[in-house]
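Here is the structure we will look at, set down as structure tokens.
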Amino acid sequence: MTTVHRSTPTDEDCLAETLAFNEQFEAAAALRPTRSRIPDAALLALLRRNRLAGDTPPVRLPQGRDRVLGGGVKVRTFVPPHVEGVYLHLHGGGWVFGSADGQDERLWRLAQEARLAVVSVDYRLAPEHPFPAGPDDCEAAARWLVANARAEFGTQRLLIGGESAGAHLSVLTLLRLRDRHGVVGAFDAAHLLFGPYDLSMTPSQRLFGSRPLLSNTDTLQGSYDLFTPGRDPEQRRRPEVSPLFADLGGLPPARIVVGTEDPLLDDSLFLAARWEAAGARVDLGVVAGAMHGFTLFPLTVTERESGRQRDFLAGA
């Protein structure tokens, strides 16, 4: 099986733009008041309203349709005129923030350009619903798709992926399908953007420090405390929590993407190596100068990455 495994950083021609944006982001973040690692309910509600979008809520497009699957799992679907596959999307947000309607414009564009029906899961969030609630919802949505994709969308070609916490949940979902239900090969590919795969913290997570980019050592630790309360690092290292430590055999080809200025850099590098060692194809994209969550912002590397994701999913 041919393996495409790239570790040399891409997009070095626009490194100056990417680093300049990082500096602007850090400067703006430094002016905001510090907050405790574990926010109270009122602060958490405020952060959820304003996170990443300022005071402007995400745009909800009429092309999106809200549905409730069997078992009460909420999803949002985007179906273009011509469908050649179905992409199960799991959003990011540290398992605490985000929603299925937070990226309508991006998901509708992907649906049209890659000719994919997109099913985005509105999984339950921590701390109100800690582990394993979110993974349970994603597993249920994936099982529903395996059983109903052809009847619902006219195709059995399935893809999965997400950003940050959504990338982590994507891998857990594939592992749960394999280990709990014997489902191997139902998904043709996985697209994993800057995910955390070791919740006991890889070296890059521990060493990143307090740089006020979108994510740093302290914010990651805070997310893990909310998502897996009461667990120590050894317990968070268990395969059902941290997929880096799982048996990765039988998983589909993957595209794994991370920026060089992301505290989760090691997570993607390590996962790519283990994914490849387990026998599946890996396309590893390391983006020069990019911080965690860079695809949320209007950058040259964002537009390029959007095209790479489209091409990977359309051709998988």
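Residues considered: Val287, Val282, Val257. Of these, the only one that is among the β-branched types (Val, Ile, Thr) and out of contact with any Pro (no Cβ under 8 Å at 6 or more places or on another chain) is Val257. Based on what the data block shows, is Leu88 assigned to a helix (DSSP H, G or I) and under 17 Å from the mean Cα position of the chain (by Cα)? For Leu88, the condition - assigned to a helix (DSSP H, G or I) and under 17 Å from the mean Cα position of the chain (by Cα) - is not met. Residue count for region 98-114, restricted to those that are surrounded by 20 or more Cβ atoms within 10 Å (Cβ to Cβ) and among the aromatic types (Phe, Trp, Tyr): 0. Here the condition is being farther than 29 Å from Gln24 by Cα and small (Gly, Ala, Ser); of Gly279, Gly222, it holds for Gly279 alone.
Hey, does region 222-231 have a residue that's in contact with a Pro (Cβ under 7 Å, 6 or more places away or on another chain), surrounded by 23 or more Cβ atoms within 10 Å (Cβ to Cβ) and of a type outside the set (D, E, K, R)? Yes, there is a match, as at least one residue in region 222-231 is in contact with a Pro (Cβ under 7 Å, 6 or more places away or on another chain), surrounded by 23 or more Cβ atoms within 10 Å (Cβ to Cβ) and of a type outside the set (D, E, K, R). Checking the stated criteria, Leu248 turns out not to satisfy the condition of being hydrophobic (A, V, I, L, M, F, W, C), in a helix (DSSP H, G or I) and modelled with pLDDT of 95 or more. Taking (1) in contact with a helix residue (DSSP H, G or I) (Cβ under 7 Å, 6 or more places away or on another chain); (2) of a type in the set (Gly, Ala, Ser); (3) at pLDDT below 70 in turn, Gly64 satisfies each apart from (3).
Yes or no, residue by residue, for (1) crowded, with 17+ Cβ neighbours inside 10 Å; (2) among the aromatic types (Phe, Trp, Tyr); (3) farther than 16 Å from Gly195 by Cα:
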residue: Ala246; (1), (2), (3): yes, no, no
residue: Val258; (1), (2), (3): yes, no, no
residue: Leu271; (1), (2), (3): yes, no, no
residue: Gly279; (1), (2), (3): no, no, yes
residue: Leu313; (1), (2), (3): yes, no, yes
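Within region 255-276, does at least one residue satisfy the condition of being without any contact (Cβ under 8 Å) to a residue 40 or more places away in the chain and not in a helix (DSSP H, G or I)? Checking region 255-276: not a single residue is without any contact (Cβ under 8 Å) to a residue 40 or more places away in the chain and not in a helix (DSSP H, G or I).
Scanning region 21-34 for residues that are surrounded by 13 or more Cβ atoms within 10 Å (Cβ to Cβ) and either basic (Lys, Arg) or modelled with pLDDT of 95 or more (or both) returns Phe21, Asn22, Phe25, Glu26.
Within region 61-79, not a single residue is surrounded by fewer than 19 Cβ atoms within 10 Å (Cβ to Cβ) and touching a Leu at 6+ places or on another chain (Cβ under 7 Å).
The values are calculated or read from the model by the stated rules, or taken from the named source; none is laboratory data. Fair warning: this is a prediction, and the values are worked out from it, not measured in the lab. Here the Cβ is made from the backbone with ideal geometry for all residues, glycine too, and neighbour counts use every protein chain on show.
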